[in-house]
Structure formats: structure tokens, C-alpha cells
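Here is the structure we will look at.
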Amino acid sequence: MSDLLRRNAALEQTARQFRKKSLDFRTADCMRMARAHLVAMGHQPPPMPCYSSLAGARRALKKMGFKSIEGLLAGLLERIPPALVLPGDLVVLRGEVDGEEVDLESIAIAMGQGKYLGWYDGRCLTLTRVAEFRAAFRA
């Protein structure tokens, strides 16, 4: 299977699993979505720590030895310039919960043609406009 076909198959699987789900730090958030996607892509990311809130997600990252989601992904994947993102790659965006910026970034998955699967307004949706990339990683 070609790399692009593998990427698209993993992307479809991840989108089916998460699209239109409501943000729930127990079962459906950007870190859980990214981990599921990496598994679908053939990676072996570390197990997810238990957390059930934004504060718990921050504590979980610290417990894993990382200050940020960007740091976690940098420890797992190759950093790439955002201009080189392929479908299935991960991007780190400015974090936002209930319309307010938070100090925890958000992960979105590149879908191609300038679209990203990510969380907006409490739901997992296809994002068509991303204002600020913090980092991008090859999945």
C-alpha cells in the first residue's frame, strides 16, 4: 500500500471514530484522538494516562515528563515545517476551551487541501481555517 493510501485509510478511521463527538476529557479529546490516529498509522505511542479534566490533562503531561503537547509530540515524531504537512500529519494549535485561550495546546490532524480534523467549540469537526500553527509533526 502506498504511503498516501495508508495515510488516508488511517485518517478515515480516525475521523469515523471522533468526528462530531463532544469534547470530553474522559473519552474524546485531542490527545486521545492523536493517539488513536498514530496507532492507525502504525506507530506505538505510549499508553494514555488517566485524566478527566483540563487540569488533569496538564497533570498527566507533567507526570509523563513533558511541559506541553508540543513537547510530547516532539519526543515521538519528526518535527516538520507546516508547509510540508501531508494528510495524516499532526499539527499543534493554540489551545482554546469554551472560547477562551488556555495554556494547553490542541492537536489537529491534517486532512489535505487546507483542512484539519480538530476540536472547535466543544466538538470534533473539520476545520477549514487555522490561524496559528505552533508546530507540525510527520505521522
MRE, 222 nm, helices only [DSSP H, n ≥ 4, -39500 (n - 2.57), over the chain, to nearest 500]:
-10000 deg cm²/dmol
With label points built 7 Å along Cα→Cβ from the Cα atoms of VAL130 and ARG94, find their separation and express it in nm.
1.5 nm
Which is farthest toward the positive dipole end of the chain among LEU117, ALA139, ALA40, measuring Cα position about the Cα centre, with Cβ charges +1 (Lys, Arg) and -1 (Asp, Glu)?
ALA40
With charges set only on the Cβ (+1 for Lys and Arg, -1 for Asp and Glu), what does the dipole of the range 17-139 come to about its Cα centre, in debye to the nearest 20?
360 debye
For the range 3-138: rounded, prolate or oblate by the Cα gyration tensor [a/c cutoff 1.5]:
rounded
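The numbers here are math on the coordinates, done by the rules we state, and not lab data. For clarity, every value in this text was computed on a predicted model and none was experimentally measured. For neighbour counting, all protein chains shown are included, and Cβ atoms are generated from backbone atoms with ideal geometry for every residue, glycine included.
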